[in-house]
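The values are calculated or read from the model by the stated rules, or taken from the named source; none is laboratory data. The shown structure was predicted, so the numbers you read here are calculated from the model rather than taken from an experiment. Cβ sites come from the backbone with ideal geometry, for glycine too, and all protein chains shown count toward neighbours. When the accessible area is computed, the model is the full protein with side chains, heavy atoms only, and any ligands, DNA or RNA have been set aside. Shrake-Rupley method; radii C 1.70, N 1.55, O 1.52, S 1.80 Å.
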Amino acid sequence: MFVSLYYSIQLLVPQIFESMKNSLKIERAKKNITQDDLAKAIGVSRQTINAMEANKYVPSTVLALKLAVYFTCSVEEIFQLTEND
């Protein structure tokens with residue numbers, strides 16, 4: 001039963017939520033830091049920060065948590081799922 005429920009959820013979620021947006025650029029502006037500053041602080045490349053801000057890269061759970069800790073807020077305050085129209 002669990003496996004069946006899991007696959008039902010997996011099929012439903014992509015239909016409801018298409019993508020994810022984030023407020024990384026806004027959070028950086030509040031702290032007056034560059035993409036490079038943020039990248040160095042959390043241990044990734046500047047290109048990774050750029051790709052996340054452009055919504056071309058969805059971070060791992062660990063990376064999302066590092067960002068939340070750095071900005072002293074919740075992951076949900078930085079990343080939001082967007083609904084399909």
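So here's what we get for this one:
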read-out: Per-residue SASA entry for Lys31, accessible area with 1.4 Å probe, Å² rounded to 10; value: 90 Å²
read-out: Heavy-atom surface of segment 13-77, accessible at 1.4 Å and reported per residue (Å²); value: 65 Å²
read-out: Label-point separation in nm, Thr82 to Leu65, each point 7 Å along Cα→Cβ; value: 2.7 nm
read-out: Under 5 Å, built H, 5+ apart or other chain: amide partners of Met20; value: Thr82
